[in-house]
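Readers should treat all values here as calculations from the given coordinates under stated rules, not as data from a laboratory. As the structure is a computational prediction, the values presented were derived from the model and not from experiment.
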Amino acid sequence: MARHMRTGDVEARRPLLLTGDHLEPDELDSDEGEIIFDRSTSNPKHEAGRNAQRRLTYEEAVEESGFGLFHWLLLVACGWANASDAVEILCVSFLLPTARCDLLLSSSDMGLLTASIFLGMMVGGYMWGYLADHRGRRRVLVVSLTINGVFGGLASMAPWFWLFLLLRFISGIGVGGSIPVIFSYFSEFMPRLRRGAMISALATFWMAGNILAAGLAWLVIPRTWAHFSLGTLDFQSWRLFVVLCSIPSLTSAIIFRLLLPESPKFLMEVGQEKEAIQVFKLMFKLNMHGKGKAFPEFGLCTSSKPKGEQEETGTWGSCSERLASILKKGLVPIKQMFNGSLKSRSITLLIIFYCISFSYYGLWMWFPELFKRVEASGSPCANVSLPSQLLNQSCYPVKTAVYMEGFVIAASNLPGNIFTILMMDSTGGKALLSFSLVVSSLSVFLIYVVQTKAQSLILSCVFSGVSVIAWNALDVLGAELYPTKLRSSALGFFTGVGRVAAITGNIVFGKLVDTNCAVPVLLVSALLLTGGLVALLLPQTRQTELT
């Protein structure tokens, strides 16, 4: 745990701020007793002596490093990783209308297939989050993104349903690591006053991944030229689509491995002061490129425990004892989350994550299949005898309308993302979360009521545009409600809860969509409303400092 200094101690030891070749007073703060000098006239000898005493907190060091090119490049890199996770998750929903024939899938099988990646994410979410808090954000991201991409691509070659299911499950373990950790990693480079807007901007890349997956499906799956044989494997166009969907994760892993540094906040927490300062230097160099400014020398208020002493690493005992010790340590963050001042917010977030994950993924993953049914009846629940007829029909030639509608729904995320970026820092995540969940609930209820294809499409676009605000708000709140030592573990835990909900939602849809479609649709509406009301119990975190 990081060593924290009392405010009075920090102010008492805070040195004079230096900014030049001679020491001339520029400003005197009478409340704090702090003299600030103009760097343009400082004495280098005095500067060296005083800077040797200057120790900054994490937030102060981030502010000293400026804001600019580094943060925009980081946004693109982390955004691409976030988009790659969206592509890997959502690609299954787009291949269902055609893959169900090649893999001989019933509606229940399709529910299991869409649930498989969420089961993997549930397994991987907390495990990767715990490792990120103890071994580093960047290392975990490289490994999890690689697992995601490799096994996602291998799934394209699976000739049997059970093998395809297994490979999607393993791919999900990788996705479960990258989603929560990427937001912890990204937030720890951001200055406090810009953090909300930048995390919201990062969250918009989920929309980019959604659009990319829908666009690839529209361009590739209906094409007959993408069909060929590999031995006994009939390589249909949807298999090529699966291969293409694995590329973003693999390229993201390469970018993190070769180009990006470790989180400076994590480095400070584990006592690696020199490494953290090097990261701040890199940030300063890119942000101040062309401005002719020199890096201001300073020390950092790091953890009292240096590298290698953050955890006890026993060398004695049997394998089972070591495993028991690891599992015991792994449960410590959960106990901390549900104790003291964090208890009420953790319970509230648990309910919200379950409600939104069951609803969003339960409905979203079935949109392409539901719209295929809308093509014939005007409403996804208008004729429950239709699905059995569809299963006996050929999936080819592929109807492009299903993928075009999926692309339109994915693109309708854009207004919600823009709204979030503009309003997050001024309104706060709590209000946006509650508002978006309530409106999403209403739109889903109306999807069940309407009877025409056009009305279903419009309301689905409303649901898409509004529900994304809730996800963006959760990303910001999750980063701000927990301290650094728990942040990735907490996000990993809640991601795991969300995956349980997503699995349940997809299985419920698979079991009931053919017999009683109204039950899962109305259940989604009720859960979204519940989540919106419970969100009002969360504390306000607008522009708060990371601890």
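Of K335/K430; K281/K335; K285/K335, which pairs sit farther than 31 Å apart, going by alpha carbon to alpha carbon? Walk me through the numbers before you get to the answer.
Numbers: K335/K430 24 Å; K281/K335 37 Å; K285/K335 41 Å.
The pairs that break the limit, which is 31 Å between Cα atoms, are K281/K335; K285/K335.
For the range 413-459, just the Cα atoms, rotate onto the principal axes and tell me the three extents in Å, largest first.
Rounded to whole Å, the extents work out to 40, 19, 8 Å.
Whole-Hz Karplus ³J(HN,Hα) for the range 527-536, in order, using 6.51 cos²θ - 1.76 cosθ + 1.60 and θ = phi - 60°, x for Gly and Pro?
Karplus-based 3J(HN,Hα) across the range 527-536 equals 5, 4, 5, 4, x, x, 6, 5, 4, 5 Hz.
Go through the range 345-358 residue by residue and turn each phi into a ³J(HN,Hα) via Karplus (6.51, -1.76, 1.60, θ = phi - 60°); whole Hz please, and just put x for glycine and proline.
Going residue by residue, I get 5, 5, 5, 4, 5, 4, 5, 5, 4, 5, 4, 6, 6, 4 Hz, with x marking Gly and Pro.
Using modelled backbone amide H atoms (1.01 Å from N, in-plane), which distant-in-sequence or interchain residues come within less than 5 Å of F235's amide H?
The list, which skips near neighbours in sequence, is F228, S229, L230.
Given H placed 1.01 Å from N in the peptide plane, which residues other than close sequence neighbours of L300 have an amide H under 5 Å from its amide H?
Close amide H contacts, sequence-distant or interchain: L56.
Could you give each residue of the range 402-412 its phi-based ³J(HN,Hα) in whole Hz, using Karplus coefficients 6.51, -1.76, 1.60 with θ = phi - 60°, and x for Gly or Pro?
Each residue of the range 402-412 in turn: 4, 7, 5, 5, x, 5, 4, 5, 5, 5, 6 Hz.
Could you pull the Cα extents of the range 54-302 along its three principal axes, largest to smallest, in whole Å?
68, 35, 30
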